[in-house]
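No value in this document is a laboratory result; all are computed from the given coordinates. Fair warning: this is a prediction, and the values are worked out from it, not measured in the lab. Please note: Cβ atoms are built from the backbone with ideal geometry, for glycine as well, and neighbour counts cover all protein chains shown.
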Amino acid sequence: MKKSRNYGIDLLRIFSMFLIVILHTLGHGGILGSVEIHSGKYWGLWLTEISAYCAVDCFALISGYVMWKSSFKLEKISELWMQVLFYSVVLTGFVFYINPAVRSTDNVLTAIFPITRGQWWYLSSYFGMYLLGPVMNSAICNLSRSSLKKVLLGAFVMMSVLPTVLTPYDPYTLGAGLSTIWLCILYLFGAYIGKYQIGLKLSCVKLGAFSISMILFTFGFKMIVEMKLGGNFANIGDGNMLVNYTSPTILLTAISLVILSSKLKLGDHAVRFIKLVSPLTLGVYMIHDHPLMRNEFMAGSSVRFLESNAFVMEFKVLVFAGAVFVLCLVIEFGRSKLFRILRVRGLCRRAVNCIERKF
């Protein structure tokens, strides 16, 4: 009997994308870099930043969780390529129209070759991860549970713990998590959780408490280093040693959230909402984090929130991120309808069939 889809995981996909928009509101929006250091607002914003930091890891873990039994489908990746190319060209053209100063040959080439020229770092890394998916899936299906556990434990120590402790050294070229290698590692973790249904005996309360404890530990570490040690202790730097995608505390937060989400029991109304929104989440990322769009609309957009008191400031950050998220969802919904009208999926299928017949 075919197992039904886990909509708790899809809900986490939606929530993670909202957290990513919050991260970009804080970072690209400029407020995190403009707030007075060690003020109340500074610590409030950093707590929000750290709380949202696990979102990217969650996304990659979800890929492994849902795709470990899947076969490589050129049709699927070609359809994603069409979506990427659509947004790359259309959004670049839109910014060219409203701001002629950014017109350049380099930007045109990046619009035409968005993956190879890194228009969106996550998508470039994702394509690499997807191409390696069949190899990883074969390993997941054929390795014993104990062997796979040893591989993941080794990866956790060698790829997460040690690079974090030895920062700024990056012996495995993980790029603080902005790389295909790190996404592949997360894919394996997610696949292990999905295959063996890790954490079934753990309560949602315990998993939620563990996630919060990892966030508070990361935040507390930053506070202690910056306030007590002056941000100058060996390789710890300014206290951000644990604030990156490869950090063990960030990774453990993401893992616990994936397990927690997989255990959620959702009603029919929630499932209908998730079915509608979940497929649109990647489009939210493409729209608001397109480099030219980001520079034109996101850069410096949240600095003005510093004029408000700490609570109102945090509220404005969340409302602004929510507005960006919803607006991008609406745009992506329109794009999906357009592709359906143009029968892009059918075109991709015919193109793939033609390629397969020739090769």
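Straight-line reach from Lys358: taking Cα to Cα under 26 Å and skipping same-chain neighbours fewer than 8 places apart, the lysines in range are Lys73, Lys76.
What the pair-distance distribution of the stretch 244-319 shows, using all Cα-Cα distances binned every 10 Å from zero, is 14, 21, 41, 23, 1 percent. Between Asn99 and Met227, the simple label model (points 7 Å from Cα in the Cβ direction) yields a spacing of 3.8 nm. Distance from the Cα centroid of the stretch 288-359 to that of the stretch 99-131 is 15 Å (rounded to whole angstrom). Placing unit charges on the Cβ atoms only, positive for Lys and Arg and negative for Asp and Glu, gives the chain a dipole magnitude near 1820 debye about its Cα centre. What the Cα atoms of the stretch 7-358 give is an Rg and a Dmax of 20.8, 66 Å. Here the contact order of the chain, divided by its residue count and restricted to Cα pairs under 8 Å and six or more residues apart, works out to 32 percent.
Taking every Cα-Cα distance in the stretch 80-208 and sorting them into 5 Å bins starting at zero, the pair-distance distribution P(r) comes out as 2, 9, 14, 14, 14, 13, 12, 9, 6, 4, 2, 0 percent. Based on alpha-carbon centroids, what's the gap between the stretch 264-287 and the stretch 199-222 in Å, whole number please? Their Cα centres are 24 Å away from one another. Do any of Lys316/Lys337; Lys222/Lys265; Lys41/Lys228 go past 26 Å between their Cα atoms, and which? Too far apart for the 26 Å limit: Lys316/Lys337; Lys222/Lys265.
With only the Cα atoms considered, the stretch 147-257 has a convex hull volume of 95 Å³ per residue. Ordered from longest to shortest, the equivalent ellipsoid semi-axes for the stretch 11-166 are 32, 27, 14 Å, each the square root of 5 times a Cα gyration tensor eigenvalue. Within the chain, the selection of entire DSSP H helices by a Cα span of 27 Å or greater along the long axis and an average Kyte-Doolittle value of at least -0.5 returns 7-27, 74-98, 121-142, 204-227, 310-341.
A quarter of the convex hull surface defined by the alpha-carbon atoms of the stretch 238-278 gives 4.1 nm² as the mean projection.
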